[in-house]
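The values are calculated or read from the model by the stated rules, or taken from the named source; none is laboratory data. Remember, it's a predicted structure, so these values are computed and weren't measured experimentally. All Cβ positions, glycine included, derive from the backbone under ideal geometry; neighbour counts span all protein chains shown. For the accessible areas, the whole protein counts, side chains as well, though only heavy atoms, and no ligand, DNA or RNA atoms are used. Shrake-Rupley method; radii C 1.70, N 1.55, O 1.52, S 1.80 Å.
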Amino acid sequence: MLSGKRILLIIGGGIAAYKSLDLIRRLRERGASVTPVLTRAAEEFVTPLSVAALAGEKAYRELFDLTDEAEMGHIQLSRVADLVLVAPATADLMAKMAHGLASDLATTLLLATDTPVMIAPAMNVRMWEHAATQRNLAVLRGDGVAVVGPNEGDMACGEFGPGRMSEPLEIVDVMMGVLGDGVLRGKRMIVTSGPTHEPIDPVRYIANRSSGAQGSAIAASLVALGADVVFVTGPAEVTPPFGVELVRVETAVEMRAAVLAALPADAAVFAAAVADWRVVGASDSKIKKVAGTLPSLSFEENPDILAEVSQLHNGRPDLVVGFAAETDDVIANATAKRARKGCDWIVANDVSPATGIMGGAENAVTLISDAGAEHWPRMAKDAVARQLASRMADALR
Ligand code: C5P
């Protein structure tokens, strides 16, 4: 719950501003009070009247509104909140925040505040992917700003990709984690994610198509519920989530060492697509191409991190969750895998190319546990992550 928490909500000027109306309702339902601030551009998308009516508080609009200064100065306004949330955070607002501009009420509050700041970015996919936005994002993360989303999907402008603002309930979950009210507070978790790269020589490696999206979303959902998460990731495409203890690795052997070093933990989720084999005697120098001859590679087996941690006699996490990416007989294979590895749960999914799951935004999983096989409907990877995190929270209670 968010009872008694004061949220200063800065609404930026983007089409996603309509979701901020629902967000206000969700926050108030959970006991938070919301002081809304609209940028000038936000007023093109939502009216101050509807925002103020839902918030049950005045909607602040202009920096030099003398009445506001008499009521509550902008410095004071920036300090009364437990959290400043910018939703939607447009590319423009993010750029201004990253550069410390204070050119209107919203940016002045953001510069003057001494409370935690969270942003929910929303913009066109090209704007999100632009080097300038990504640079600003990195600066904001470095400044300690929490970032939720954006999600991937169809956009109002007709394009597809990352840029949609996170849904109000996702934002609320992350806020509860940031504000310290999560049900997993005090629990330590390890999450592995991404592919591993197994070197052949200094320039060549063997890899797989894992994007790291599902592991990253799970770590974010666990953080949102208040867990302390050690996130051990191979070289993944997706950016690691906010608020984790990040450990970057390349190979399976490094991943195993990082996981063992992160123990003890209350739970561990092994979402990484660990390479099964590594090249024996990877060369320290680049293997030369010699006309008419082919190099030969031989392989050795990588350590099975999930099996090792599941079978620890001392210091086994209370809950160990593995994944099974299968293309045939998903349930039978995943059930056998659960027994073989000794983990508590297996999250099984069908990664046949026709499903579009590997590297895609959605997942259709079956949770295999002591209780049998439970089919979950096909949903966004973020939604799978939230559901799994809340099941884990139930199991660890
Ligand atoms: O045996 P398989 O690779 O199908 O098992 C998948 C599960 O085991 C995943 O949870 C994966 O993260 C984990 N795993 C591991 N170490 C390996 C291979 C798989 O932790 N070497």
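Here are the numbers for the structure shown:
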| item | result |
| --- | --- |
| Looking only at region 354-376, and only at residues there that are open to solvent by 60 Å² or more (accessible area, probe 1.4 Å) and at pLDDT 90 or above, the one that is nearest to Val320 (Cα to Cα) | Asp370 |
| Filtered residue count, region 55-70, keeping only those that are within 16 Å of Ala42 (Cα to Cα), at pLDDT below 65 and among the aromatic types (Phe, Trp, Tyr) | 0 |
| Some residue of region 181-191 being open to solvent by 60 Å² or more (accessible area, probe 1.4 Å) and in a strand (DSSP E or B) | yes |
| Near pairs, Cβ below 8 angstrom, 6+ apart or cross-chain, from region 290-306 (under 24 Å from Ala271 (Cβ atoms) and of a type in the set (Phe, Trp, Tyr)) to any residue that is open to solvent by 80 Å² or more (accessible area, probe 1.4 Å) and not in a loop (DSSP other than H, G, I, E, B) | Phe299/Trp277 |
| Residue ID - nearest to Cys343 (Cα to Cα), chosen from residues in region 295-311 that are more than 6 Å from the ligand (Cβ to nearest atom) and assigned to a helix (DSSP H, G or I) | Ser310 |
| Index of the failed condition, Arg256 passing every other in (1) under 20 Å from Met189 (Cα atoms); (2) open to solvent by 70 Å² or more (accessible area, probe 1.4 Å); (3) touching a Lys or Arg at 6+ places or on another chain (Cβ under 8 Å); (4) within 16 Å of the ligand (Cβ to nearest atom) | (3) |
| Contacts under 9 angstrom Cβ, first residue in region 382-393 being free of Cβ contacts under 8 Å to residues at least 12 places away in the same chain and open to solvent by 10 Å² or more (accessible area, probe 1.4 Å), partner assigned to a helix (DSSP H, G or I) and of a type in the set (Gly, Ala, Ser), 6 or more apart | Ala383/Ala217; Gln387/Ser221 |
| Odd one out for Val269 among (1) over 28 Å from Lys187 (Cβ atoms); (2) surrounded by 13 or more Cβ atoms within 10 Å (Cβ to Cβ) | (1) |
| Among (1) in contact with a strand residue (DSSP E or B) (Cβ under 7 Å, 6 or more places away or on another chain); (2) β-branched (Val, Ile, Thr); (3) within 14 Å of the ligand (Cβ to nearest atom); (4) within 25 Å of Asn363 (Cα to Cα), the one test that Thr251 misses | (4) |
| Test for Ser3: is it among the hydroxyl-bearing types (Ser, Thr, Tyr), touching a strand residue (DSSP E or B) at 6+ places or on another chain (Cβ under 7 Å) and in contact (Cβ under 8 Å) with a residue 12 or more places away in the chain | no |
| Scope region 111-131; condition open to solvent by 30 Å² or more (accessible area, probe 1.4 Å) and either of a type in the set (Gly, Ala, Ser) or outside the structural domain of Gly163 (by TED's automatic domain parsing) (or both); matching residues | Ala131 |
